[in-house]
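Values in this text are rule-based calculations from the coordinates and carry no lab data. Keep in mind that what you see is a predicted model, and the values were worked out from it rather than measured. Glycine also receives a Cβ, built like all others from the backbone with ideal geometry; neighbour counts cover every protein chain displayed.
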């Protein structure tokens, strides 16, 4: 199990980006959160099976919904023994 923390930049706020990312994460059985940041980026922290976590990352890079992703910044990838989250949530 891994935890991946990353940031998405571009036209990603006000276009259902968080909703689409959370929906995909829940379909994959992942835990964590997605939230808007004041600098117009979206932050994602996700935990789960490595292959599924990276499937979410690729989904997020591939312009879900009406978004236009311009960049992805990986902050941290870490192996974990237990999930720190119960579900996947949309933050404000």
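General remarks:
- Computed helical MRE - 222 nm, the chain, DSSP H runs ≥ 4 contributing -39500 (n - 2.57), nearest 500: -7500 deg cm²/dmol
- Percentage relative contact order, region 2-91, counting C-alpha pairs under 8 Å, at least six apart: 48 percent
- Relative to the current alpha-carbon distance between residue 49 and residue 92, full extension at 0.36 nm per residue lengthens the span by 12.9 nm.
- Alpha-carbon Rg with Dmax, taken over the chain, Å: 11.9, 36
- In this simple spin-label model, placing a label point 7 Å from the Cα along the Cα-to-Cβ direction at both residue 1 and residue 37 gives a separation of 2.6 nm.
- Taking 0.36 nm per residue of separation and subtracting the Cα-Cα distance, full extension of the segment from residue 80 to residue 68 would add 1.2 nm.
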